[in-house]
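Report on the structure given below.
The values are calculated or read from the model by the stated rules, or taken from the named source; none is laboratory data. Here the structure is a predicted model, which is why all the values come from computation and not from measurement. All Cβ positions, glycine included, derive from the backbone under ideal geometry; neighbour counts span all protein chains shown.
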Amino acid sequence: MPSPPLPALFLSHGAPLFAIDAGESGPALTGLGRRLKETAGAALRGVVIMSPHWMARTPAVMSNPKPATWHDFGGFPQALYALEYPAPGAPELAAEVADLLREQGIEAQPDAKRPYDHGAWVPLMHLFPEADVPVIELALPAGWGPGQVYAMGQALRPLRERGVLVVGTGSMTHNLSEFFGGEREPAPYVVEFSRWVEAAIQRGDLPALLDYRRQAPAAQRAHPSDDHFLPLFFALGAGGFGAGEVPVRAEYVTKEVMYGILAMDSFMLPALPPVAA
């Protein structure tokens, strides 16, 4: 019997410290990874992930067969720089991604040298800690808005029926000018913004989400720039959100807030079906 389509995921990766300071969100992602493997079994072919830490002037897709782990950050504990995520690349899957995008009028250039940036490997080391699932990254085109990124996700929706997990990774809130370190209570605006997004998703309100800059409370404070929020629209497009009369409801995996200002909301859509006993 064929496996059901895989869900699309949005994963908040927060700060690089998430790699070693997992909080509640890291174990939650590890549990999700186990569920995904149980659902897909041997049919799980790979992961296509969009990270805001790869922004390119035009669409691009990683075709590197053995991507290195790039520690693209500075000033953090030395333990972070010793971490490696040795998941293999997938050039054939990269070509498949490029073909699907081309069918929708989006030309994506292959990049055979691209390493894994921390926006990809940090959440993936929690989701699939064995690093045994092939991964390719897709660049976030600089200057693109929510609707254009959503269309990229839509173009790759067929991959979910081919054993491929489509993932957008960023952060539900990302105002690093307010990051001072140390545990604190969640800032009220962080909770307000995050729960507004959740409510819009659960009622299937794509127009409101696309217009989040005007409609969401504290949108400018939550995201002084929108790079870490745009991958959410990639996940929505891939998940079929807003494409039918019946809303595609999300299943949240975590709603933790770290360091008072980084909302770590992660969800999948649609929800996974129960695993047969």
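Below is a table of values for the structure above.
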item	result
Flag for Glu251 being among the acidic types (Asp, Glu) and in contact with a helix residue (DSSP H, G or I) (Cβ under 7 Å, 6 or more places away or on another chain)	no
Listing of strands (runs of 3 or more DSSP E) fully contained in segment 104-181 that carry 2 or more residues being surrounded by 15 or more Cβ atoms within 10 Å (Cβ to Cβ) and β-branched (Val, Ile, Thr)	135-141, 164-170
Hits in segment 54-76 (condition: under 23 Å from Glu130 (Cα atoms) and out of contact with any strand residue (DSSP E or B) (no Cβ under 8 Å at 6 or more places or on another chain))	Pro65, Lys66, His71
Residue under evaluation Phe193, criteria (1) farther than 30 Å from Pro134 by Cβ; (2) among the aromatic types (Phe, Trp, Tyr); (3) out of contact with any strand residue (DSSP E or B) (no Cβ under 9 Å at 6 or more places or on another chain), criterion not met	(3)
Residue check for Pro5: in a strand (DSSP E or B) and surrounded by fewer than 24 Cβ atoms within 10 Å (Cβ to Cβ)	no
From the options Asp205, Asp227, Asp211, residue that is without any contact (Cβ under 8 Å) to a residue 24 or more places away in the chain and within 25 Å of Ala187 (Cα to Cα)	Asp211
Hits in segment 230-277 (condition: over 21 Å from Glu192 (Cβ atoms), over 13 Å from the mean Cα position of the chain (by Cα) and crowded, with 24+ Cβ neighbours inside 10 Å)	Phe241
Hits in segment 13-29 - residues which are touching a Leu at 6+ places or on another chain (Cβ under 7 Å) and under 18 Å from Glu130 (Cα atoms)	Ala19, Ile20, Leu29
Filtered residues of segment 1-30 (kept if more than 21 Å from Asp226 (Cα to Cα) and touching a strand residue (DSSP E or B) at 6+ places or on another chain (Cβ under 8 Å))	Leu6, Pro7, Asp21, Gly23, Glu24, Ser25, Ala28, Leu29
Only one of Gly240, Gly260 that is small (Gly, Ala, Ser) and in contact with a strand residue (DSSP E or B) (Cβ under 9 Å, 6 or more places away or on another chain)	Gly240
Within segment 66-80, considering residues that are outside any loop (DSSP other than H, G, I, E, B) and of a type outside the set (Gly, Ala, Ser), the one nearest to Glu137 (Cα to Cα)	Thr69
Single residue of segment 160-176 satisfying the filter (more than 18 Å from Gly33 (Cα to Cα) and among the hydrophobic types (A, V, I, L, M, F, W, C)) that is modelled with the highest pLDDT	Met172
Residue list for segment 198-229, filter: part of a helix (DSSP H, G or I) and buried (at least 24 other Cβ atoms within 10 Å of the Cβ)	Ile201, Ala222
Qualifying residue in segment 30-48 (condition: within 17 Å of the chain's Cα centre (by Cα), in contact (Cβ under 8 Å) with a residue 40 or more places away in the chain, surrounded by 15 or more Cβ atoms within 10 Å (Cβ to Cβ) and within 17 Å of Met152 (Cα to Cα))	yes
Asp111 vs. criteria over 27 Å from Val246 (Cα atoms) and touching a strand residue (DSSP E or B) at 6+ places or on another chain (Cβ under 6 Å)	yes
Any chance Leu83 is part of a loop (DSSP other than H, G, I, E, B), under 16 Å from Phe128 (Cα atoms) and modelled with pLDDT of 95 or more	yes
Which listed residue, of Glu103, Glu130, Glu137, Glu96, is at negative phi, without any contact (Cβ under 8 Å) to a residue 24 or more places away in the chain and not small (Gly, Ala, Ser)	Glu130
